[in-house]
Amino acid sequence: MKTFNLANFFTNAVLHNEARHKINLQADGAVLLDRNELPFELPQLLKDEIHAALGDVLLNRYPKPHNADLERLIAQYADVQPDHILATAGAGAAITTIFNAFADRYFVIPEPSFSLFDYHCRMNELKCIHWQLDDNYRYTFELFPNISEPAVIVIDSPNNPTGQCIEPALLQTLLEKYRFCLFVIDEVYFEFSGTTFKDLVDEYDNIIIVRSFSKAFGLAALRAGYLIASSKLLGHLRKLILPFSLNGYASQILSVILSNNQYLQLIQERVDDVVLYRDVLSTELERIGGELGFEIPASHANFVLLVFSSIGAGEKIYAKLLENNIHVLPVSPHVADRYLLRISVGTERENRKVLETMRSCM
Ligand SMILES: Cc1ncc(COP(=O)(O)O)c(C=O)c1O
């Protein structure tokens, strides 16, 4: 083989990073609670409607580079003006575009938060400052880093993996103090918290809200999401987003779903169910947490975080769950002597299995 020096082309972080994603075998009977997905499949009737509509997609043609009809449907769902919407190939792709677009700026990133933020900064050697959450995993003004030049301030609300939202008053304070910064607010889990900052987009032209169809809509396989921002800001981002990245099938499926009021109602009912299951799961976990050595911050999303004060205690529970084919996510700790386990809310049966397995360790 002719040799080529890869080291000259990739950053050191890329060359020395271990594969981030482990393969998740979807073995029979596996309880998959590691990716914050919705545990319910689409109703068969809707699937049939989708399959029929897919026949209209011309596979030899590129999809529309700007699908205004789809963005109108998304705007209707999000309750914003259509020119405030940009459809994307998932929230992750939108975050990548934003990080690439402002690669010469500082990024302020909550810690702990969604791993993709930190990952982008490390892989591309971006300038990154962490905004440490407090001991109770809250956003606080006191711990906000000192910044004096234009930066991209990333806020995840509800925050993955802690499940907490930023207080509206704190966000308002930051928006006023840092008029020279761009605010990226990740609201991928907003349906489960019922709180959104989308209306601030009318008042501030330095906010981008990131949303996804992977979570409340239960469409993680589709790879679709959207941004909400001022039309001026979106006009610039539209030029930077990879053309045709939201594929024709995904656009068609979304159009079918977003035009179907019955399904939109079903989504709301499923979100209500998940919120109920989350609260039951949290209450039950709180009951056994003392004995098993963990606490759980109140979650406003479709997952809960177990904070173990001893690494050994956390590892023991993780191993026991895995042994029982229950897949949850160990999160890199932001405090060295803590062990964090994130558990997505599953069906009632799956949540019961989690609780029974954990109780068997008592
Ligand atoms: C906070 C947060 N933002 C963005 C994403 C990515 O969402 P998508 O599936 O739309 O790429 C995730 C996925 O888990 C997430 O937790």
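The values are calculated or read from the model by the stated rules, or taken from the named source; none is laboratory data. It should be emphasised that the depicted structure is a prediction, and the values quoted were computed from it without experimental measurement. In this analysis, Cβ positions are derived from the backbone assuming ideal geometry, glycine residues included, and neighbour counts consider all displayed protein chains.
For Val304, indicate whether it is in contact (Cβ under 8 Å) with a residue 60 or more places away in the chain, over 14 Å from Val354 (Cα atoms) and crowded, with 16+ Cβ neighbours inside 10 Å.
no
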*Considering each of Ser230, Ser282 in turn, give the residue that is surrounded by 15 or more Cβ atoms within 10 Å (Cβ to Cβ) and in the same structural domain as Arg352 (by TED's automatic domain parsing).*
Ser282
*Could you tell me which of the residues Tyr119, Tyr139 is of a type in the set (Ser, Thr, Tyr) and touching a Cys at 6+ places or on another chain (Cβ under 9 Å)?*
Tyr139
_Among the residues of region 341-351, are any part of a helix (DSSP H, G or I) and farther than 20 Å from Glu286 by Cβ?_
yes
*Hey, among the residues in region 57-108 that are assigned to a loop (DSSP other than H, G, I, E, B) and within 15 Å of the ligand (Cβ to nearest atom), which one's surrounded by the most Cβ atoms within 10 Å (Cβ to Cβ)?*
Gly90
*Just need a number here: residues in region 6-56 that are small (Gly, Ala, Ser), assigned to a helix (DSSP H, G or I) and at pLDDT 75 or above.*
3
_Pairs with Cβ under 6 Å, 6+ apart, first in region 188-206 and hydroxyl-bearing (Ser, Thr, Tyr), second more than 16 Å from the ligand (Cβ to nearest atom)_ = Tyr204/Leu175
*Considering only strands (runs of 3 or more DSSP E) fully contained in region 177-279, which possess at least 1 residues that are of a type in the set (Asp, Glu) and under 20 Å from Gln81 (Cα atoms)?*
182-186
*Would you check if Phe294 is among the aromatic types (Phe, Trp, Tyr) and modelled with pLDDT of 95 or more?*
yes
*Evaluate the following for Val154: is it of a type outside the set (D, E, K, R) and not in a loop (DSSP other than H, G, I, E, B)?*
yes
*Read through the list (1) crowded, with 23+ Cβ neighbours inside 10 Å; (2) modelled with pLDDT under 95, then give the number of the only condition that Ile253 fails.*
(2)
*Residues (aliphatic (A, V, I, L, M) and away from the ligand (no atom under 16 Å from the Cβ)) located in region 183-206*: Leu200, Val201
*Considering only region 289-299, state which residues are under 17 Å from Val345 (Cβ atoms) and either of a type in the set (Val, Ile, Thr) or part of a helix (DSSP H, G or I) (or both).*
Gly289, Ile296
*asked:* List pairs: first residue in region 112-124 and within 15 Å of Thr11 (Cα to Cα), second residue within 11 Å of the ligand (Cβ to nearest atom) anywhere in the structure, Cβ distance under 9 angstrom, at least six positions apart or on different chains.
replied: His120/Ile95; His120/Thr96
*Residue match in region 200-222 (condition: within 30 Å of Asn60 (Cβ to Cβ), crowded, with 18+ Cβ neighbours inside 10 Å and among the aliphatic types (A, V, I, L, M))*: yes
